[in-house]
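Since every read-out is calculated from the coordinates, none of them should be taken as a lab result. This one's a predicted model, so the numbers in the text were calculated from it and none came from an experiment. Cβ placement follows ideal geometry from the backbone for every residue including glycine, while neighbour counts extend to all protein chains displayed.
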Amino acid sequence: MAGLNVALVGATGLVGRLTLSILEARDFPVGRLRLFASPRSAGKRLRFQGDEVPIEAIGDDAFEGCDLVFLSVETPLARQLAPRAVAAGAVVIDDSSAHRLEPDVPLVVPEVNAADLARHRGIIAGPNCSTAQLVVALNPLHRVNPIQRVIVDTYQAVSGTGQAALEELRVQERQVQQGEPPTARVYPHPIVQNLFPHVDSFRDDGYTREEWKMVQETRKILHRPELRMSATCVRVPVPIGHSEAVHVELERAMSPEEARELLAQAPGVRVVDDPTHNVYPMPKDAAGRDEVLVGRIRADQSHPRGLAFWVVGDNLRKGAALNAVQIAEALLPSLGSRALTVGAQAS
Ligand SMILES: NC(=O)c1ccc[n+]([C@@H]2O[C@H](COP(=O)([O-])OP(=O)(O)OC[C@H]3O[C@@H](n4cnc5c(N)ncnc54)[C@H](OP(=O)(O)O)[C@@H]3O)[C@@H](O)[C@H]2O)c1
């Protein structure tokens, strides 16, 4: 297939850099590549397939001739840029929360709802990092035994907040080692040697926006608008890898053995579940891996149709960059024919 004209906005960020390396590692057919970041980074270069690609600030012609635009920037900027890219003729894959809940924007985790891509109108959203790994683990159970209720508690890595938060954790670790009080700028409190039940801002109903997003996004991806669900999101001093304690109530009783078998066969899942030998998913093992790790699978003794398990995933990979590239791969047949048509018209 001819290479596509690809733009990556937010190329210098945690998600952007990883998206670039995953595009390269998976041999995604890139023809022309344009990399964008803030004016602060303009003029720097990033390597891609042996070339040094310059980073540009976003100008008026940024998306001219682009087939595909990855948006890995904060929500307000993504909200501005996505319609511009679509107007220039590109398909947009947006990692931010700008468009996730819009009715005509598919919110996609390819292992779960790739079929939703068929109804896109230019913008496709990837979910919140905590939601992505959760639905990869819920869907194999849900497909055979509909989930009635989900309770999830998260333990979220600082890289989920981006480069500045990861740097803040490193600085605070050094400060503590040197006997200095840790200084917090990104978060309301020091995160080193600490944790807090506070991810994103608080809403009037007492939940945080992160918790609310997890619920709404899970409902949308699983096509279950009425799913009963509650989340508590906690930030922990882990660099990469979100962990989740999940309790589900199913339509019918399911044994842990059946759940383990379904999960073991599911795309994107790796069962890591041998607690008697101290084997269970941990962020240090999930970081850098594509699969979502699931373990501690057991009957929920508080409910006859309940299961409990523990899910860990790389928030930067399955939670954002890998998921975006998987969406792009799923779109390739339609993007490829579109690029060929445009090319033929131009020649
Ligand atoms: N981190 C995760 O685990 C995760 C998971 C799912 C979704 N997301 C979403 O993905 C997006 C990116 O997250 P991240 O963690 O990669 O953040 P990040 O590390 O803070 O990176 C932000 C990127 O945005 C760029 N940027 C800032 N202002 C800009 C401007 N005016 N024009 C163009 N580019 C600009 C930055 O460029 P400079 O380097 O020049 O400042 C940088 O490349 C966010 O919407 C986030 O919510 C993140």
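Rounded to the nearest 10 degrees, the angle from helix 75-87 to the longest Cα principal axis of the chain is 50 degrees. What you get for the chain, charging only the Cβ of Lys and Arg (+1) and of Asp and Glu (-1), is a dipole of about 140 debye around the Cα centre. Rounded to whole numbers, the Karplus 3J(HN,Hα) couplings from phi for region 36-46 are 10, 8, 6, x, 4, 9, 4, x, 5, 10, 10 Hz, using 6.51 cos²θ - 1.76 cosθ + 1.60 with θ = phi - 60°, and x at Gly and Pro.
Taken along the Cα-to-beta-carbon direction at a fixed 7 Å, the label points for residue 87 and residue 290 span 3.7 nm. Each of 198, 178, 139 was scored by the projection of its Cα onto the charge dipole of region 130-315, and the greatest displacement toward the positive side belongs to 139; charges sit on the C-beta of Lys, Arg, Asp and Glu.
A simple charge model with +1 on the Cβ of Lys and Arg, -1 on the Cβ of Asp and Glu and nothing else charged puts the dipole of region 278-332 at about 220 debye relative to its Cα centre. Taking the longest Cα principal axis of the chain as reference, the axis of helix 129-144 is set at about 60 degrees. Counting only DSSP beta bridges with both residues in the chain, the antiparallel share comes to about 50 percent. Only one residue of 280, 238, 253 has its Cα farthest out toward the positive end of the dipole of region 130-315, where Lys and Arg carry +1 and Asp and Glu -1 on Cβ, and that residue is 253.
Stokes-Einstein diffusion of region 7-165 at 4 °C, 1.567 mPa s viscosity, Kirkwood radius from Cα pairs, rounded to a whole number: 77 µm²/s.
For a Förster distance of 41 Å, can you work out the FRET efficiency between the beta-carbons of residue 196 and residue 49, rounded to the nearest 0.05? Approximately 0.50, to the nearest 0.05. Looking only at region 196-312, where both bridge partners belong to it, what percent of the DSSP beta bridges are antiparallel (to the nearest 5)? Percent antiparallel among DSSP bridges in region 196-312 is about 85.
The H on the amide N of residue 232, modeled in the peptide plane, is under 5 Å from the matching H of 152, 153, 154, each at least 5 residues off or on a different chain. Close amide H pairs (under 5 Å, H built 1.01 Å from N) link residue 34 with 6, 7, 8, residues at least 5 positions away or on another chain. Is the shape of region 130-315 best called rounded, prolate or oblate, per the rule: a/c under 1.5 gives rounded, else a/b larger than b/c gives prolate, else oblate, with a ≥ b ≥ c the square roots of the Cα gyration tensor eigenvalues? Prolate, because a/c is 1.5 or more and a/b exceeds b/c. Computed over the chain, the range of Cα coordinates on each principal axis works out to 66, 54, 42 Å, biggest value leading. Measuring between their Cα centroids, region 260-328 and region 173-227 lie 21 Å from each other. Of the residues 57, 295, 335, the one whose Cα sits farthest towards the positive end of the charge dipole of the chain is 57 (charges of +1 on Lys and Arg Cβ, -1 on Asp and Glu Cβ, taken about the Cα centre).
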